1. Only one of (1) in contact with an Asp or Glu (Cβ under 9 Å, 6 or more places away or on another chain); (2) more than 27 Å from residue A:91 (Cβ to Cβ) is not met by residue A:194, so which one is it?
2. Do we have residue C:52 as under 25 Å from residue C:319 (Cβ atoms) and basic (Lys, Arg) here?
3. Could you please find all residues in the range A:245-284 being among the polar types (S, T, N, Q) and touching a residue at least 40 places away in the same chain (Cβ under 8 Å)?
4. What strands (runs of 3 or more DSSP E) completely inside the range A:196-264 contain at least 1 residues that are within 13 Å of another protein chain (Cβ to nearest Cβ), under 22 Å from residue A:291 (Cα atoms) and within 15 Å of the chain's Cα centre (by Cα)?
5. From A:101, A:145, which residue is among the hydroxyl-bearing types (Ser, Thr, Tyr), in contact with a His (Cβ under 9 Å, 6 or more places away or on another chain) and surrounded by fewer than 18 Cβ atoms within 10 Å (Cβ to Cβ)?
6. Being under 27 Å from residue C:102 (Cβ atoms) and assigned to a helix (DSSP H, G or I) is the filter here, so list the residues in the range C:155-175 that pass it.
Amino acid sequence: MSEKILEVENLKVNFLLPDSIVYAVRDASFDLKRNEIMGIVGESGSGKSVSCLSTLRLLPKKIKTEGKIIIDGHNILEEEESWVRKNIRGKKISMVFQDPTVALNPIYSIGWQMREALMFRKEKIGDSKKETEFIINILDELKVTDPEQVINKYPHQLSGGMKQRIVIAIALLLQSDILIADEPTTSLDVTIQHEVVEVITRLKKDYEMSVIFISHDLNLLADYCDRMVVMYGGMVLEKGYTDEVYNNPKSPYTRALLKCIPPLTGNKKDFEPIPGEILNPRKVIQGCPFEPRCKKRKEKCGKEIPRLEKTGSERYIRCFYPD
Amino acid sequence: MKISKTSIFYRVTRNAKAMVGIIIVTMVVLMALLAPIIAPYDPYEISLGRPLESPNSTFLFGTDVLGRDVLSRIIYGSRISLIAALSVGLISAFLAVIFGLTAGYIGGKTDLIIMRFVDIMLSIPGIIIAIVVAAIFNPSLFTVIIALSFGMTSGFTRVVRSKALALKEETYVRAAESIGESKLFIMLRYILPNTLGIVFIQIALNMSSTVIFEAGISYLGLGSQPPSTSWGLMLSEASQRLYNAPKTFAIIPGLFILVLVLGLNFLGDGLRDIYDPRLR
Amino acid sequence: MNQVLEDNQKSLLSVKNLKIYFPVEKSFLDRMFALGRLKFVHAVDDVSIELKKGETLGIVGESGSGKSTLGYGILGLANITEGSIFFEGLKINSKLSLKQEKYKKNNIQMVFQDPFSSLNPAMRISEVVTRPLMVSGNKYTRSQVRQKLNKALNDVGLREEDAGKYPHEFSGGQKQRIAIARVLIVDPELIIADEITSSLDVSIQSQILNILIKMKSEKLSMIYITHDLRVARLINDRIAIMYMGKIIEHGKTSEIYSNPLHPYTRALLSAIPGNKMENKIYLKGRIPSLINPKPGCRLYSRCPYRKKICKTEYPKMVNDSSGKHSVACHLVKSI
């Protein structure tokens with residue numbers, strides 16, 4: 001049994017706007033084990049991104065948080081900003097975002113930016129020549145062709161897939177234990193997506209990094225993740241080993257999600273849309289967040305919020321009437 | 001009354017800058033409108049008191065070199081500044097919208113011609129235009145308004161044009177073209193309403209510039225002529241008598257100019273904040 | 001000649017050898033310095049497609065494939081460099097009479113990709129949706145307009161009360177419904193949908209797709225442009241795969257998905273997450289430039305099966321006997 005290196009316990013994040021409260025995360029609990037890839041799937045407003053940004057405390061100032069985020073025995077939510085900056089950001093956890101174009105500085109060369117990242121590494125390399133070697137090595141490992149030429153290039157000269165791999169390489173050379181990838185392939189063409197995801201899976205294998213992979217694409221996560229978390233309306237509705245969640249979903253939401261994705265093979269008539277609007281994060285809810293849209297809803301669902309219950313090894317469901 | 005949280009009214013009232021601006025400008029406007037009622041004396045009547053009196057109980061701001069009540073002149077002076085500001089603001093807006101929308105949306109040769117014309121206007125300093133216009137017609141508030149309208153239109157046109165250029169690429173404009181909307185209708189109903197934000201801001205800023213320029217041009221003798229109550233003219237009169245006149249004589253008109261310009265600037269800045277799409 | 005016209009008349013839309021090239025050197029000075037070797041982006045390069053009435057055709061490709069440009073070309077929003085577009089037998093990319101222009105405008109409509117910018121923020125929904133009626137050139141009474149507006153809104157699952165609101169009061173999915181209502185209100189013969197679900201959440205996307213399925217059952221003819229092969233399979237009778245401005249494979253949907261022949265098609269299908277298929281192939285390398293492309297197959301630099309001939313000669317399109325499947329690849333001699 002792998003140990004847990006990140007634990008999110010009953011996380012709640014409210015954005016305090018001048019005229020309203022946004023319930024970005026209503027109740028999220030999940031954990032990340034060493035050397036695993038964990039997927040978090042959800043649509044807009046599910047809270048998947050904000051939960052992960054919370055682990056790095058990369059949130060605006062006017063917020064209210066509850067719950068715990070535990071790394072190495074520390075509750076991140078209670079630590080000082082300076083502590084988080086020194087110990088977590090870029091150290092324990094690195095993050096890769098959706099659009100690689102804005103993650104890289106357009107006026108500096110790739111080599112310059114990677115060398116700059118090296119300054120924040122735990123074990124400094126020191127020697128300039130050795131640094132360049134190190135960078136070229138990492139790029140090589142990530143199957144970047146002609147790394148010696150790439151380090152002299154500028155971001156606008158590279159393709160989206162290439163840029164995303166560079167961003168991941170930077171996370172890699174920082175020796176972070178955890179990589180959070182927030183929709184890393186969404187802005188890339190589908191034939192390039194594969195390159196980037198391959199790189200991420202190698203991180204787990206060759207570098208013993210643990211990865212949280214956030215996406216709206218259930219099928220993408222099912223291909224690569226060890227465990228999955230399904231979120232909707234700021235709450236975790238279902239989680240467990242990928243195999244189980246994907247092939248035998250118990251939450252009506254997960255089931256509905258799988259059915260509303262057009263099938264690539266098999267009967268087209270299996271396609272079933274999910275009615276209704278996505279839960280507005282400003283809305284206060286009394287019951288299950290998915291209730292207004294759920295096929296199987298009963299009276300209790302709208303009146304009481306179901307709890308996340310354990311139903312098996314690593315398996316949790318939040319539903320009064322699971323399938 | 002249910003006020004929509006995203007309505008203009010709501011956003012304006014929550015923006016401190018805009019509110020301060022509105023309050024200041026409203027007070028000046030009231031001063032101008034109610035001048036006959038609130039001014040204690042006739043601003044043009046001479047020898048009401050001894051010349052160059054310091055502020056006292058009879059004349060709250062003192063008297064000028066001809067014995068006229070400074071307070072009454074200040075109050076009536078607000079009319080000059082506001083008339084100038086409003087006229088220039090509206091005339092330049094009218095012209096800039098026509099030129100800017102056409103240049104930006106129609107593009108091509110039309111754009112080139114309009115913008116070359118605008119560039120020429122931009123390259124001539126406002127003061128020079130004022131001098132030329134004053135030479136052709138006799139200097140007066142009217143010539144100031146003509147000159148400044150001319151001067152402000154060019155920059156304004158540029159602003160409107162760049163917004164039109166940006167809006168031209170919006171999907172809803174493409175969609176309108178694809179269903180066969182006429183170019184004129186697109187300019188009026190699709191582009192213009194979405195430029196109003198920056199147009200209002202620019203009007204406020206132009207108005208504030210106009211107040212300063214009118215004062216400056218009148219100060220130079222090229223604008224409002226005596227016995228006009230223009231604040232700029234009052235400053236000019238004061239500057240010629242800095243040694244004999246009470247200190248307040250030179251400070252007061254300047255102070256009022258300052259406050260009105262600040263008010264208009266705050267209004268413009270506040271409007272700019274409100275229309276910033278990032279804050280939606 | 002008559003036979004050609006007859007064939008064209010059987011199809012609702014017939015695109016023949018369409019080329020849309022964009023000049024790289026735009027200004028007079030740039031063109032002077034080019035010294036004769038002008039550069040062009042071959043956005044759409046010799047594309048031919050047919051669409052019958054009541055049929056849905058999917059144009060599938062990644063970014064840079066030219067699929068959106070093709071859509072704009074058919075609509076008349078992009079300049080045609082060469083080739084012809086026939087709509088109900090009429091050549092629409094040439095000078096048309098006023099009556100013909102009006103007919104074309106009212107019968108070929110497009111729904112655009114980005115719901116957040118496809119509606120004029122300054123117009124209420126009632127005006128947004130009824131504008132096409134107002135510019136159609138036909139006369140309608142107030143009550144006729146009202147009726148059509150309500151029907152269009154209901155068809156897309158919106159309520160009559162929504163007509164008085166402004167676009168910003170709606171969500172992305174609802175805005176896309178409004179965009180579809182705007183198109184349906186004039187009852188066009190042909191609808192072109194350009195990536196209309198790409199920026200929507202999965203559950204909302206499913207609702208929009210459902211509307212399209214409903215429209216399809218009412219025999220609406222549609223060209224659906226997308227990069228998403230799952231969506232393409234769901235709603236299209238036939239599919240054409242585009243790569244770098246060319247159609248490399250096309251045919252009946254079920255044929256293409258069960259028996260993809262072109263390496264690019266196979267790579268596209270392989271790359272879809274959750275696709276359990278055998279013999280997946282992955283492409284290496286980058287997409288080459290669309291500017292003055294080299295001769296030979298466009299996939300040459302990335303194709304794992306490339307041969308010498310692929311570099312020098314562009315493969316001819318090969319059709320199977322029933323016309324259900326065509327592919328342009330040197331490795332496929334016959335189907």
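The values are calculated or read from the model by the stated rules, or taken from the named source; none is laboratory data. Nothing here was measured: the structure is a model prediction, and the numbers come from that model. So basically every Cβ, Gly included, is an ideal-geometry build from the backbone, and we count neighbours across all protein chains shown.
1. Condition not satisfied by residue A:194: (1).
2. yes
3. Of the range A:245-284, the ones among the polar types (S, T, N, Q) are A:247-248, A:251, A:254, A:265, A:267, A:280.
Matches in the range A:245-284: A:251, A:280.
4. A:227-232
5. A:101
6. In the first step, residues of the range C:155-175 are kept if they are under 27 Å from residue C:102 (Cβ atoms); the result is C:155-156, C:163.
Scanning the range C:155-175 gives C:155, C:163.
One line per residue, one yes/no per condition, for (1) under 20 Å from residue C:212 (Cα atoms); (2) out of contact with any Ser or Thr (no Cβ under 9 Å at 6 or more places or on another chain):
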| position | (1), (2) |
| --- | --- |
| C:45 | no, yes |
| C:48 | no, no |
| C:52 | yes, no |
| C:67 | yes, no |
| C:77 | no, no |
| C:85 | no, no |
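Quick grid of which residues meet (1) closer than 29 Å to residue C:254 by Cα; (2) aromatic (Phe, Trp, Tyr); (3) buried (at least 19 other Cβ atoms within 10 Å of the Cβ):
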{"site": "A:205", "(1), (2), (3)": "no, no, no"}
{"site": "A:219", "(1), (2), (3)": "yes, no, no"}
{"site": "A:227", "(1), (2), (3)": "no, no, yes"}
{"site": "A:248", "(1), (2), (3)": "yes, no, no"}
{"site": "A:252", "(1), (2), (3)": "no, no, yes"}
